[in-house]
Amino acid sequence: MLAGTGSFVRTCINGLNVLSGVGLLSVPYALSQGGWLSLALLTAVAAACWYTGTLLGHCMDADAAIRTYPDIGERAFGWAGRLVVSAFMYAELYLVATGFLILEGDNLDKLFPSACVSLGTVSLAGKQLFVVLVALVIAPTTWLRSLSVLAYVSATGVFASVIIVLSVLWAAAVDGVGFSGRGTTPLRITGLPTALGLYIFCYGGHPVFPTLYTSMNQKSQFPKMLVICFLLCTLNYGAMAVLGYLMYGDGVLSQVTLNLPVARLSSKVAIYTTLLNPISKYALVMTPIAAAIEERICGAVGAGAAVSVAVRTLLVLSTVAVALAVPFFADLMALVGSLLNVGMCMLLPCACYVRIFGAPSMSRGEAAAMGMILALGSLVAVTGTYSSLMKIIHELM
């Protein structure tokens, strides 16, 4: 394995950015669904995802040619393994990009609740209007071949996450919102599938972990880097979950920013900071999908500018269609967490590790840990996916 050039500190910052996503806004809702005791499950999910992240590092040690997550799948299960990993990864990226549009529409509608645009017989208002407008703003960013500037902007994600938590705390402690909601539910069994799906969604950084591993100049520190990233992000997620649930109790919405009083400065800081990340990250999320489609269409020759713009514009339009058809942020992200993130973050790392190294080489501790992770992942995949789909269907009826 070739040595990378990334320092330990820089890789930690990149890792924190990967794990600091829009799931932060939904952890209070997840806590309200599962009850106070579900915070233990947040910790358990973090520990499980950290462990499977280290398994990916071990898999990369097995072959110097491995550079990406699909490479690990191919090393373990051949062409079929690459296909399965790629399908999970692209589906996850696509739905996360769709979630970005829903989030933007929800929060902009809160800021400008009376907005309406009419073009002839066509009229758009509310969330639908803002989803379309945001897509028009975002579309040109997806046409860029070099995303270095966007990558730099999106690297502010970790700082934005801290700002959002501090803004919510300020709204509660200084701007008069207080902690009157005070959720009191100790445990809600029926809400655990949704809570677990959203918790797992928060830790869906595994597709990027091989890239972080490859970039490190001291790869032996990869597990330590993951420990720091998961620990800090779990503290941030836990703080937001507790704050939101104490402030609004069982009335907390799918994104805690939707509960905040718009007139307060702290609320505006939280909402505008929330709006920045999806706009800067959308193109980065969609580029791997666009590149794969362009390669499929044009082969090794590479796509021309016209083909590239057409492919990427059609992808944006398709996510707009999905966002308008299924505008339920928490339910969609719970579905992504339960179905796709469980596969990418729990099931596939264990399966690939066992396939590459063989069950006889595993210690009893490793076998027990992987057995528990596979059991938890399978349970969430079945119950969480079913629960999320039923909620989406119910909302659509």
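Just to make sure I understand: if all protein chains stay in place, what is the order of R355, R67, R188 by accessible area at 1.4 Å, largest first? Mind showing how you got there, number by number?
Values: R355 150, R67 105, R188 70 Å².
Descending accessible area places them as R355, R67, R188.
How high is the FRET efficiency between L396 and N217 when r is their beta carbon distance and R₀ equals 51 Å, given to the nearest 0.05?
Details: r = 50 Å, r/R0 = 0.98.
E(calc), rounded to 0.05, equals 0.55.
Classify the range 217-300 as rounded, prolate or oblate, taking a ≥ b ≥ c as the square roots of the eigenvalues of its Cα gyration tensor: rounded when a/c is under 1.5, otherwise prolate if a/b is larger than b/c and oblate if not. It would help to have the intermediate numbers written out before the result.
On the way: a/c = 2.92, a/b = 1.45, b/c = 2.01.
Oblate, since a/c reaches 1.5 and b/c is not below a/b.
Counting helices only, and only those DSSP H runs with n ≥ 4, report the 222 nm mean residue ellipticity of the chain as the sum of -39,500 (n - 2.57) divided by its residues, in deg cm²/dmol to the nearest 500. Spell out each step's value before the answer.
Values: 15 runs with 277 residues, N = 397.
The helix contribution divided over the chain gives -23500 deg cm²/dmol.
Give the Rg/Rh ratio for the chain, taking Rg as the radius of gyration of the Cα atoms and Rh as the Kirkwood radius, to two decimals.
Details: Rg = 20.9 Å, Rh = 21.7 Å.
Looking at the chain, the ratio lands at 0.96.
With the Cα gyration tensor of the range 234-381 giving a ≥ b ≥ c as the square roots of its eigenvalues, does the rule (a/c under 1.5 for rounded; else a/b larger than b/c for prolate; else oblate) give rounded, prolate or oblate? Walk me through the intermediate numbers first.
Numbers: a/c = 2.51, a/b = 1.06, b/c = 2.36.
Oblate.
Which one, A241, M60, M216, projects farthest toward the positive side of the charge dipole computed for the range 8-396 from Cβ point charges (K/R +1, D/E -1)?
M216
For the chain, modelled as a Gaussian network with Cα springs under 10 Å, which listed residue fluctuates most, E92, E295, E104?
Highest fluctuation of the listed residues: E295.
Under a Cβ-only charge scheme (Lys and Arg +1, Asp and Glu -1), can you give me the dipole magnitude of the range 236-382 about the Cα centre, in debye to the nearest 20? It would help to have the intermediate numbers written out before the result.
Numbers: 7 positive and 5 negative charges, 39 e Å.
Magnitude of the dipole: close to 180 debye.
Just the number, please: Stokes-Einstein D of the range 31-93 in µm²/s, Kirkwood Rh from C-alpha pairs, 4 °C, 1.567 mPa s. The partial results should precede the final answer.
Details: Rh = 13.6 Å.
Diffusion coefficient, whole number: 96 µm²/s.
Per residue, how much accessible surface does the chain expose to a 1.4 Å probe? Answer in Å², no decimals. Could you put the intermediate results ahead of the total?
Working: 16890 Å² over 397 residues.
Spelled out: the 1.4 Å probe surface of the chain, per residue, equals 43 Å².
Place a +1 charge on the Cβ of each Lys and Arg in the chain and a -1 charge on the Cβ of each Asp and Glu, then give the dipole magnitude about the Cα centre in debye, rounded to the nearest 20.
Using Cβ point charges on Lys, Arg, Asp and Glu, the chain gives about 320 debye.
At V262 and S180, where each label point lies 7 Å from the Cα along Cα→Cβ, what is the point-to-point distance in nanometres?
2.1 nm
V137 to A305: extension gain in nm, 0.36 nm per residue of separation minus the Cα-Cα distance? Intermediate results must be reported in sequence, preceding the final value.
On the way: separation 168, 0.36 × 168 = 60.48 nm, distance 1.93 nm.
Taking V137 through A305 to full extension adds about 58.5 nm, to one decimal.
So if R0 is 45 Å, what FRET efficiency would A367 and L276 give, r being the distance between their Cβ atoms, rounded to the nearest 0.05?
0.50
So how much accessible area does H394 have, in Å² to the nearest 10, using a 1.4 Å probe?
Roughly 130 Å² of H394 is accessible to a 1.4 Å probe.
Springs between alpha-carbon atoms under 10 Å, Gaussian network over the chain: tell me which of S220, S20, S338 tops the mean-square fluctuations.
Judging by the Gaussian network model, the answer is S220.
Provide V354, V326, V9 ordered by accessible surface of protein heavy atoms (probe 1.4 Å), highest first. Intermediate results must be reported in sequence, preceding the final value.
Details: V354 55, V326 30, V9 95 Å².
Greatest to least solvent exposure: V9, V354, V326.
Using 0.36 nm times the number of residues separating A40 and L235, minus their current alpha carbon distance, what extension gain do you get? Let's see the in-between values first.
On the way: separation 195, 0.36 × 195 = 70.20 nm, distance 1.24 nm.
Contour length minus the Cα-Cα distance gives 69.0 nm.
Could you check which residue among P207, P186, P349 shows the biggest mean-square fluctuation in a GNM of the chain with a 10 Å Cα cutoff?
Largest GNM mean-square fluctuation: P186.
Given S378, A91, P360, which one lies farthest toward the positive end of the charge dipole of the chain, if we put +1 on the Cβ of every Lys and Arg and -1 on the Cβ of every Asp and Glu?
Working it through, the farthest residue towards the positive pole turns out to be P360.
The values are calculated or read from the model by the stated rules, or taken from the named source; none is laboratory data. Because the structure is predicted, anything quoted here is derived from the model rather than measured. Please note: Cβ atoms are built from the backbone with ideal geometry, for glycine as well, and neighbour counts cover all protein chains shown. In case anyone asks, the SASA skips ligands and DNA or RNA and just uses the protein heavy atoms, side chains included. Shrake-Rupley method; radii C 1.70, N 1.55, O 1.52, S 1.80 Å.
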